[in-house]
Protein chains: 2
Amino acid sequence: MSNKKFLTPQSEDFSQWYLDIVDKAELADYSAVKGCMIIRPYGYRIWELMQQDLDHRIKEAGVQNAYFPLFIPESFLTKEKDHVEGFAPEVAVVTHAGGKKLEEALIVRPTSETIMYDTYSKWIESYRDLPLLINQWANVVRWEMRTRPFLRTTEFLWQEGHTVHATKEEADVETLRALTMYADFARDMLALPVLKGYKSEKEKFRGALYTTCIEALAKDGKSIQFGTSHNLGQNFAKPFNISFLDKDGERKIPWQTSWGVSTRMIGALIVCHGDDDGLVLPPPVAPIQVVMVPIAKDEKELGHLIQVCHDLKQQVPSIRIHIDNRLEVSLGFKRNEWELKGVPLRIELGKQEIEKNSLSIARRDNKEKATISINDWSDTVTTLLKQMTADIYQNMEKRLEGSVHEASNLQEFEAALERGGYVKAYFCEDGEMEQKIQEKTKATTRLVALDEPEKKGVCFYSGKPAKRRWYFAKAY
Amino acid sequence: MSNKKFLTPQSEDFSQWYLDIVDKAELADYSAVKGCMIIRPYGYRIWELMQQDLDHRIKEAGVQNAYFPLFIPESFLTKEKDHVEGFAPEVAVVTHAGGKKLEEALIVRPTSETIMYDTYSKWIESYRDLPLLINQWANVVRWEMRTRPFLRTTEFLWQEGHTVHATKEEADVETLRALTMYADFARDMLALPVLKGYKSEKEKFRGALYTTCIEALAKDGKSIQFGTSHNLGQNFAKPFNISFLDKDGERKIPWQTSWGVSTRMIGALIVCHGDDDGLVLPPPVAPIQVVMVPIAKDEKELGHLIQVCHDLKQQVPSIRIHIDNRLEVSLGFKRNEWELKGVPLRIELGKQEIEKNSLSIARRDNKEKATISINDWSDTVTTLLKQMTADIYQNMEKRLEGSVHEASNLQEFEAALERGGYVKAYFCEDGEMEQKIQEKTKATTRLVALDEPEKKGVCFYSGKPAKRRWYFAKAY
């Protein structure tokens with residue numbers, strides 16, 4: 001019995017494969033409200049493990065958590081022109097409350113710039129109040145037409161950092177600090193190598209001076225963005241009247257950043273690491289890192305084996321271990337289920353193994369099996385889990401490197417796109433051309449690398465002068 | 001300079017004292033949306049410390065976290081008759097989204113019974129699926145007319161546990177397990193002794209079979225409820241079509257519980273422990289457990305003292321220590337500020353102390369000061385923080401015990417109420433009488449103790465037969 005029975009193969013229909021995994025691995029469920037998902041315990045635990053680690057990184061950077069209201073007065077959203085244009089079409093609006101029609105309608109936050117910065121203007125008076133470094137873990141709502149669990153949902157969970165600085169340079173540094181934090185987090189916790197760079201004018205956050213992002217390569221050759229960091233310039237500070245008295249006695253307008261990652265990261269994990277047998281979870285974010293499956297011929301033998309499992313578990317208290325002591329399902333069923341759920345290591349042990357003082361161990365990522373000595377258990381499992389994260393990352397890195405193809409004209413561009421992954425090409429950075437490229441090829445500008453040098457080039461599409469090579473791809 | 005300058009004395013105007021603390025200790029701020037508060041970093045950190053510990057207790061009980069949608073279809077709320085009567089008047093309603101009027105209005109969740117149980121009916125098929133033990137950390141919205149930060153706000157943060165069981169007995173056990181968990185948490189983390197008991201029919205959760213609660217005694221003699229646990233009976237399972245195939249092959253309707261605590265606990269901390277100098281935080285939930293204030297005559301001396309502080313801090317990495325190295329404010333200002341913020345221990349050190357190998361230490365709770373040896377630093381501070389939690393708890397316990405007065409008629413009842421705290425009296429449990437008592441005395445039934453024995457008594461108010469003594473008090 002293979003999970004292929006339960007999962008549509010990736011090669012057949014990647015989108016259906018994705019939905020199958022979300023369902024069968026019990027990550028999320030659909031709710032009665034269109035586009036809103038229910039995050040099930042197994043999926044939510046992944047989110048908690050992500051949160052714990054990222055929250056630590058955020059605090060280490062001196063950023064403090066706070067909580068701002070869910071509701072935003074409609075008039076706030078309209079204060080920054082680009083921002084309202086970007087978000088107004090997709091907001092949910094509370095018009096009635098407490099049995100009455102409200103005098104001013106309230107927007108359910110799609111992002112919190114406006115509600116936060118209204119308050120920031122009260123908190124910031126002098127240079128001593130800067131930098132102001134605040135983060136919030138919250139739910140946000142964007143009324144999307146087409147939704148998919150984790151990847152695009154009407155309501156999602158995220159963190160949003162919102163900082164204020166005395167100068168543009170400090171805001172630049174903070175924008176990149178957050179981006180680097182996300183890239184490091186993706187490497188250490190998600191085993192995902194990412195491209196880091198700047199978004200085009202067309203793709204940037206509405207209201208930002210510029211937007212930076214991280215993107216990873218999915219198994220279907222598409223790119224998935226799952227973290228952004230914006231330098232907001234003074235675009236919000238001005239309409240929200242944020243100013244500070246500087247050391248030199250002058251009143252100045254500060255510079256701001258905002259940055260966020262969301263439950264979309266769970267979607268990224270699935271599409272970047274998953275295979276035809278199910279999820280592949282990197283150990284740092286696996287709710288169960290090791291599953292132990294005792295194989296017994298009767299209940300007495302099972303009791304003994306379960307005792308062995310408990311002893312082994314106690315030796316490594318920091319590792320998340322689950323003992324599968326179910327009698328009502330077969331070994332084949334169990335193997336399939338734990339592969340489907342992406343558990344990094346599966347231990348099988350029977351009477352024979354115990355007599356030989358050994359354990360059978362199977363890796364989820366590369367399907368390798370081995371026999372290990374019970375005496376070395378603690379060291380072996382600790383080392384192996386670390387090794388797996390590194391191996392998954394390195395394999396993904398090779399895949400990413402092999403999936404970037406250069407193109408100097410449309411024909412090459414389309415041929416490269418056909419192979420999946422990224423096309424790197426000189427691009428004139430003209431928004432109109434960008435729109436045409438997207439309409440013709442379905443590919444969008446993903447980013448221009450942070451360290452991309454300026455050279456004299458020719459736009460692959462318009463033939464106009466171009467100075468930087470951009471990454472293009474079909475995207476989530 | 002005393003904090004009395006900044007804070008209205010409790011004896012003068014307790015409500016104003018409360019609002020002063022919330023503001024001056026930077027716990028919360030008002031937002032542009034009526035009744036919605038902004039939880040500032042210092043206040044939010046208290047919430048995080050509460051969450052961390054309580055989340056651990058919840059997981060230890062085998063309850064798993066999940067996340068359900070913010071929005072509830074209007075038709076769901078109306079399925080349980082009492083429930084909708086209780087909540088309909090105070091809901092916020094989304095009528096428009098994505099630029100269009102919605103076909104069915106969406107309620108912003110005031111509590112999640114209905115949205116969760118709709119899904120539970122899909123998840124539960126057989127006895128093997130029970131018990132189902134789910135918890136959610138979330139924001140909820142109840143449109144309140146009169147609001148006060150933390151104590152009663154339109155939006156607040158909470159956790160809500162929602163469990164399903166095969167029998168009433170199992171639901172009874174879970175209801176009390178959750179209540180006991182809250183009481184233990186209140187003792188260990190908040191240093192708060194609580195009364196535990198059953199609510200009256202009038203005061204119970206709308207839709208529950210019965211409600212249990214914990215209540216603590218505030219400094220103004222009022223009672224504050226800050227945790228409830230309900231046995232919901234089959235009241236929701238029936239309209240939401242939750243049923244399971246039991247071992248005996250019969251289809252049965254399960255029994256449910258729900259239980260929650262919220263950011264109101266921060267309000268409870270303030271009103272139960274605070275004094276005229278500000279907050280008094282029990283060490284387990286203090287964002288800063290120890291503040292170190294170096295006292296130097298010049299910058300060079302300050303540099304040396306700060307180095308000493310860092311060395312001391314490194315010796316106790318698990319203790320949350322802040323070093324106050326500000327030059328621009330006076331020692332008096334610092335002392336007032338840290339007292340206002342309720343920091344449990346304040347260390348002062350100058351050149352003289354260091355030469356004598358000693359530190360000055362001041363407790364926030366009882367204002368005791370002492371000189372301790374630097375050599376014993378690590379042990380002393382660790383022991384002292386534990387001792388403080390125990391001392392605060394014991395003092396509160398004595399206060400609580402001394403604040404329960406018995407009454408056998410209305411005159412005694414009113415006299416007892418005048419003294420503040422609880423009045424314990426036989427009560428006939430007639431809802432109409434309960435209403436009259438409230439109108440006449442402003443006191444409400446708080447609870448009847450879990451272990452209250454049944455006896456033959458006479459209702460203090462109606463003169464009718466009564467079997468149990470209830471706790472009455474004015475309440476938050």
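The values are calculated or read from the model by the stated rules, or taken from the named source; none is laboratory data. The structure displayed is predicted, hence computed values, not measured ones. Cβ coordinates were reconstructed from backbone atoms using ideal geometry, including for glycine residues, and neighbour counts include every protein chain displayed.
A few points about this structure:
- Qualifying residues in segment A:332-386 (those that are assigned to a strand (DSSP E or B) and hydroxyl-bearing (Ser, Thr, Tyr)) - the one nearest to the chain's Cα centre (by Cα): A:Ser360
- Lone qualifier among B:Glu452, B:Glu412 - being surrounded by fewer than 22 Cβ atoms within 10 Å (Cβ to Cβ), among the charged types (D, E, K, R) and within 27 Å of the chain's Cα centre (by Cα): B:Glu452
- Tally of residues being among the basic types (Lys, Arg) and touching a helix residue (DSSP H, G or I) at 6+ places or on another chain (Cβ under 6 Å) across segment B:329-350: 1
- Filtered residues of segment A:111-134 (kept if among the polar types (S, T, N, Q) and surrounded by fewer than 23 Cβ atoms within 10 Å (Cβ to Cβ)): A:Ser112, A:Thr119, A:Ser121, A:Ser126
- Condition met for B:Phe185 (assigned to a loop (DSSP other than H, G, I, E, B) and within 29 Å of A:Arg40 (Cβ to Cβ)): no
- Candidates A:Val84, A:Val108, A:Val22, filtered to the one that is surrounded by 21 or more Cβ atoms within 10 Å (Cβ to Cβ) and either of a type in the set (Ser, Thr, Tyr) or over 20 Å from the mean Cα position of the chain (by Cα) (or both): A:Val108
- Selected residue (only one of A:Phe76, A:Phe6, A:Phe14 is within 11 Å of chain B (Cβ to nearest Cβ) and among the hydrophobic types (A, V, I, L, M, F, W, C)): A:Phe76
- Taken as a whole, the condition of being touching a residue at least 12 places away in the same chain (Cβ under 8 Å) and in contact with a Leu (Cβ under 7 Å, 6 or more places away or on another chain) applies to A:Thr441.
- For segment B:38-61, the condition of being more than 20 Å from B:Asp277 (Cβ to Cβ), among the polar types (S, T, N, Q) and surrounded by 22 or more Cβ atoms within 10 Å (Cβ to Cβ) holds for none of the residues.
- Remark: pairs (first residue in segment B:111-133, under 18 Å from A:Leu27 (Cβ atoms); second residue of a type in the set (Val, Ile, Thr); Cβ separation under 8 Å; 6+ apart in sequence or on different chains) = B:Met116/B:Ile134; B:Thr119/A:Ile38; B:Tyr120/B:Val164; B:Tyr120/B:Ile242; B:Leu132/B:Ile124; B:Leu132/B:Thr163; B:Leu132/B:Val164.
- For B:Asp29, the stated conditions do not hold, so it cannot be described as touching a helix residue (DSSP H, G or I) at 6+ places or on another chain (Cβ under 9 Å), surrounded by fewer than 20 Cβ atoms within 10 Å (Cβ to Cβ), among the charged types (D, E, K, R) and over 30 Å from B:Thr95 (Cβ atoms).
- Within segment B:92-143, considering residues that are out of contact with any Phe, Trp or Tyr (no Cβ under 8 Å at 6 or more places or on another chain) and of a type in the set (Phe, Trp, Tyr), the one nearest to the other protein chains (Cβ to nearest Cβ): B:Trp143
- Some residue of segment B:285-308 being touching a His at 6+ places or on another chain (Cβ under 7 Å), under 30 Å from B:Tyr117 (Cβ atoms) and touching a residue at least 24 places away in the same chain (Cβ under 8 Å): no
Here is a yes/no grid of residues against (1) over 28 Å from A:Cys272 (Cα atoms); (2) within 26 Å of the chain's Cα centre (by Cα):
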| site | (1), (2) |
| --- | --- |
| A:Gly402 | no, yes |
| A:Val423 | no, yes |
| A:Cys428 | yes, no |
| A:Glu434 | no, yes |
| A:Lys440 | no, no |
| A:Val448 | no, yes |
| A:Lys456 | yes, no |
| A:Ser462 | yes, no |
| A:Phe472 | no, yes |
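- Scan segment A:15-30 for residues that are farther than 19 Å from B:Asn65 by Cα and in contact with a Ser or Thr (Cβ under 8 Å, 6 or more places away or on another chain) and the total you get is 3.
- For segment A:437-444, the count of residues that are in a loop (DSSP other than H, G, I, E, B), surrounded by fewer than 15 Cβ atoms within 10 Å (Cβ to Cβ) and modelled with pLDDT of 95 or more is at least one.
- Residue match in segment B:8-18 (condition: within 27 Å of B:Arg206 (Cα to Cα) and of a type outside the set (Lys, Arg)): no
- Any pair with Cβ under 7 angstrom, 6 or more apart, that starts in segment B:1-18 at a residue that is over 17 Å from B:Leu151 (Cβ atoms) and modelled with pLDDT of 95 or more and ends at one that is surrounded by fewer than 17 Cβ atoms within 10 Å (Cβ to Cβ) and acidic (Asp, Glu): B:Pro9/B:Asp276
- Matching residues, segment A:144-166, being facing chain B (nearest Cβ under 10 Å) and either over 23 Å from B:Ile38 (Cα atoms) or modelled with pLDDT under 95 (or both): A:Glu144, A:Met145, A:Thr153, A:Thr154
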